[in-house]
Amino acid sequence: MRVKLLTTISFFTYQLSISQTEKVLHGKVISNNSPLNKVEVINKTAQTSTRTNERGEFSILVKAKDSLLFFSKDYLFARLKITAKEIETNNLIIDMIPKAEELNEVVILDKKTTSIKLSKEEILQIKLNSHKPKPGLKIEGYHDFGPNPYAPDFVYLGKQIYYLLKKEDEKPKPKIKKIEFVQLIRNTINPDFFDKDLKLKPEEKELFLQFCDADSQSKIISENPNILSITDFLNAKNEEFKKLKTEIKN
């Protein structure tokens, strides 16, 4: 009896020491059985991070109950709460899900349409000569005495100066692609996060996203997306969402 008691006490002492002491956890990140390189492995609890190597392997300091985030731009982020079992096994395998491909642009070509390519110089010449008369219908008894072909074309020269100055003033502006908050969440957050972490019902998900989108903070997050700020924002809004549901019921 004493032996069993001592064994039980030793086991719980060992488990407690594991849960309270930081250990180096080794693991591997894959997708469709292929290793993923340069995946961000973030210990959200300890505020530390590392990256996977070419073989998808990583090492990071953890202790029990730490939250690990796995983030790569082409995959849905994964989240795992570390237990003593993972620390003891010390061979973590994370299988990430690829994001669905999106079409940024759809081009429809009419087979009857013939495309004409003009160089920048040709387009400029068309603009510069737009003031000149075009050949049209000839009327009997009418003679068009056009400008002297040997006289300087001041309109042409004036347009040349205008476009030259305009070109010098123009500065290329960086194109900023705006991402809608709800679309950002769908592209970034794993669907399991809503039911397992936020404890939301499937029918509440869309309503919750609209609730988050109504917050002005969502626009700031959309302009500067960051996986930690996104999850923190969703957790905070979830608490507000639960309080609102309770108030409505009462």
Do the conditions hold for Thr8, that is, is it touching a strand residue (DSSP E or B) at 6+ places or on another chain (Cβ under 6 Å) and either modelled with pLDDT under 90 or of a type in the set (Asp, Glu) (or both)? no
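Yes/no matrix, rows are residues, columns are (1) polar (S, T, N, Q); (2) closer than 26 Å to Asp232 by Cβ; (3) modelled with pLDDT of 90 or more; (4) open to solvent by 20 Å² or more (accessible area, probe 1.4 Å):
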| position | (1), (2), (3), (4) |
| --- | --- |
| Thr21 | yes, no, no, yes |
| Ile30 | no, no, yes, yes |
| Val39 | no, yes, yes, no |
| Thr45 | yes, yes, no, yes |
| Phe58 | no, yes, yes, no |
Quickly run through the stretch 71-98 and pick out the residues that are open to solvent by 80 Å² or more (accessible area, probe 1.4 Å), closer than 19 Å to Asn33 by Cβ and free of Cβ contacts under 8 Å to residues at least 60 places away in the same chain. Asp74
So which of Glu239, Glu170 is charged (D, E, K, R), modelled with pLDDT of 85 or more and open to solvent by 70 Å² or more (accessible area, probe 1.4 Å)? Glu239
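Listed here are the residues, each with its yes/no results for (1) modelled with pLDDT of 85 or more; (2) of a type outside the set (Ser, Thr, Tyr); (3) closer than 26 Å to Leu80 by Cβ; (4) loosely packed, with under 13 Cβ neighbours inside 10 Å.
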| residue | (1), (2), (3), (4) |
| --- | --- |
| Lys175 | no, yes, no, yes |
| Ile189 | yes, yes, yes, no |
| Ile221 | yes, yes, yes, no |
| Thr231 | yes, no, yes, no |
Looking at the stretch 62-70, can you tell me whether even one residue there is at negative phi, modelled with pLDDT of 90 or more, open to solvent by 40 Å² or more (accessible area, probe 1.4 Å) and part of a strand (DSSP E or B)? no
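The values are calculated or read from the model by the stated rules, or taken from the named source; none is laboratory data. Everything numeric here is computed off the predicted structure, so don't read it as measured data. We place every Cβ from the backbone using ideal geometry, glycine too, and count neighbours over all the protein chains shown. Each accessible area value is taken on the protein alone, full model and side chains, heavy atoms only, with ligands, DNA and RNA left out. Shrake-Rupley method; radii C 1.70, N 1.55, O 1.52, S 1.80 Å.
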